[in-house]
1. Kindly provide the set of residues from segment 51-67 that are in contact with a Cys (Cβ under 7 Å, 6 or more places away or on another chain) and in a loop (DSSP other than H, G, I, E, B), ordered by number.
2. Only one of these is at pLDDT 90 or above, over 21 Å from Arg105 (Cα atoms) and not polar (S, T, N, Q): Ile33, Ile51. Name it.
3. (1) assigned by TED's automatic domain parsing to the domain that holds Pro170; (2) surrounded by fewer than 21 Cβ atoms within 10 Å (Cβ to Cβ): which one isn't true of Ser124, the others all being true?
4. Tell me, please, whether a residue that is over 21 Å from Pro116 (Cα atoms) and at pLDDT 90 or above can be found in segment 69-77.
5. Only residues that are in contact (Cβ under 8 Å) with a residue 40 or more places away in the chain and either farther than 15 Å from Leu114 by Cα or of a type in the set (S, T, N, Q) (or both): list them for segment 137-160, please.
6. What is the number of the single condition among (1) surrounded by 18 or more Cβ atoms within 10 Å (Cβ to Cβ); (2) at pLDDT below 85 that Asp119 does not meet?
7. Determine which member of the set Val144, Val152 is under 29 Å from Leu63 (Cα atoms), of a type in the set (A, V, I, L, M, F, W, C) and exposed (fewer than 13 other Cβ atoms within 10 Å of the Cβ).
8. Give the number of residues within segment 37-48 that are in contact with a strand residue (DSSP E or B) (Cβ under 6 Å, 6 or more places away or on another chain) and closer than 12 Å to Asn107 by Cβ.
Amino acid sequence: MLLLCLLVTGGLFPFRLDSCGLTSQSCTTLASILCKESSKLRNLDISGNCIGDIGVKNLCSGLKNPNCALETLRMSGCSVTGEGYAALAAALKSNPSHLEELDLRGNDPRHAELKPLTDLVQDSACKLQRLRLLKSDAADKALVYLTSVLGVNPLLLTELDLIGKIPGDPGVKQLCALLGDSQCRLKKLRDG
């Protein structure tokens, strides 16, 4: 049934399969669609399904395929951990020419597990422009801002020295939005 639905939609509109009981096996079916030369699937939302790392690995076989044309992948709240993050980073590194947005909010990676994915955003060969890891849009914007100011992703740090780097109230508001997100694990902050 899933295969038929994907073929009928042709991928011209966002295909939403959020919170509908997908399994790791469903991800194998989705990967086979991504591998087809005729696939027009560009936007896929599988958020809220407990596919775990096995499901992500199964899906990555499609993401690695040169025929894959997926531009947006939403997988928030899918019980993804370090193994899944590593598989996604490897898949996108091997086929960097398609995915522009990856939404992984609601999963709980450790700092070291984030680095391969955050490095992809800086890789000029990779099209990935937006990597969403945080639960709120305000925290997401703060992350982008602080990364540009600091030159490093604050989610990869446990200590942060902001002396002379964040001017005034707007910078502090953005910092507070980031600090309030459960993905932020800063333990030590210096601001002068």
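1. Within segment 51-67, Ile51, Asn65, Asn67 qualify.
2. Within the list Ile33, Ile51, the selection yields Ile33.
3. Every listed condition holds for Ser124 apart from (1).
4. Checked segment 69-77: at least one residue is over 21 Å from Pro116 (Cα atoms) and at pLDDT 90 or above.
5. Residues satisfying the conditions are Ala139, Thr158.
6. (1)
7. The match here is Val152.
8. Of the residues in segment 37-48, 1 are in contact with a strand residue (DSSP E or B) (Cβ under 6 Å, 6 or more places away or on another chain) and closer than 12 Å to Asn107 by Cβ.
The values are calculated or read from the model by the stated rules, or taken from the named source; none is laboratory data. Predicted, not measured: the structure shown is a model, and the values here were computed from it. We place every Cβ from the backbone using ideal geometry, glycine too, and count neighbours over all the protein chains shown.
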